[in-house]
Amino acid sequence: MSVLVVTGTCTGVGKTVVTAALAALAATRGTPVAVIKPGQTGLDPGEPGDLDTVRRLAAVGDVHEFARFPAALSPAAAARHAGTPPVRLADVAERVQELSRDRRLVLVEGAGGLLVRYDEEGTTIADLARWLGAAVVVVARPDLGTLNHTALTLEAMAHRGVQLAGVVLGSWPDEPDEAMRSNIRDLETIAARPLAGALPAGAAALGPAEFLLAAHGGLAPAFGGAFDAATFRDNNGLTKENP
């Protein structure tokens, strides 16, 4: 049994696509996998959400959404705005443990970043990861500003004793700019390890077969893919030889 928590350096960085890629690679290996979204915000009942994207891209049907709030706010603020009880991450932890008894992999996709509040007590996805003893995949942007966001996220994880599974770029464009290319090496320095992946921009629009190929090429062998950080760095990084 393994539990992986997927968080981001901020919202809109590609957490759902990375979660789907992890699920797709697990499923293609025949690994029983479940995907959990503790709290979905910004959607009304019946609207397609993040787990629908995972289901479509990864062809994985074992998905579980705990709560949904219409306001596009943090889970705690959205629950307060709706006048409904917040998500209790202690309940989510219990459900993850139940699911993990007959699934070899349980993926938990958080909302927003690592320290987004789920309730008025300030419980975060970092707390959930710590309770579960789960490693965390950090999804980052490649562009200007990502170094500070990523450093803050990793520092907060280390302060809380949360293990890093790897840093993945959630959307790598066909034509990266100078800052993106420069950031590759600096992100690896911040993480003290090579990048664990880079998913191509636009991957969310692919069909399942194409997406599986993108996932395989975009995630490291530790996650079942073939991404090679050194090759990616050599091909895309900003160096004197590669201006």
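No value in this document is a laboratory result; all are computed from the given coordinates. It should be emphasised that the depicted structure is a prediction, and the values quoted were computed from it without experimental measurement. Because the Cβ atoms are built from the backbone with ideal geometry, glycine has one as well, and the counts that use them run over all protein chains shown.
The table for this structure:
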quantity: Segment 38-58 versus segment 135-197: alpha-carbon centroid distance in Å; calculated: 25 Å
quantity: Distant-in-sequence amide H partners of Arg68 (H built 1.01 Å from N, under 5 Å); calculated: Gln40
quantity: Matching label, volume of the Cα convex hull per residue in Å³ computed from the structure shown, candidates (i) 161; (ii) 114; (iii) 234; calculated: (ii)
quantity: Proxy reagent accessibility, fewest Cβ within 10 Å first, across Trp131, Trp172; calculated: Trp131, Trp172
quantity: The chain - percent relative contact order, Cα under 8 Å, separation 6 or more; calculated: 24 percent
quantity: Three-way shape call for segment 82-220 based on the alpha-carbon gyration tensor, with the a/c threshold at 1.5; calculated: prolate
quantity: Selection from Leu43, Leu187, Val136, by position along the positive dipole direction of segment 2-236 (Cβ); calculated: Val136
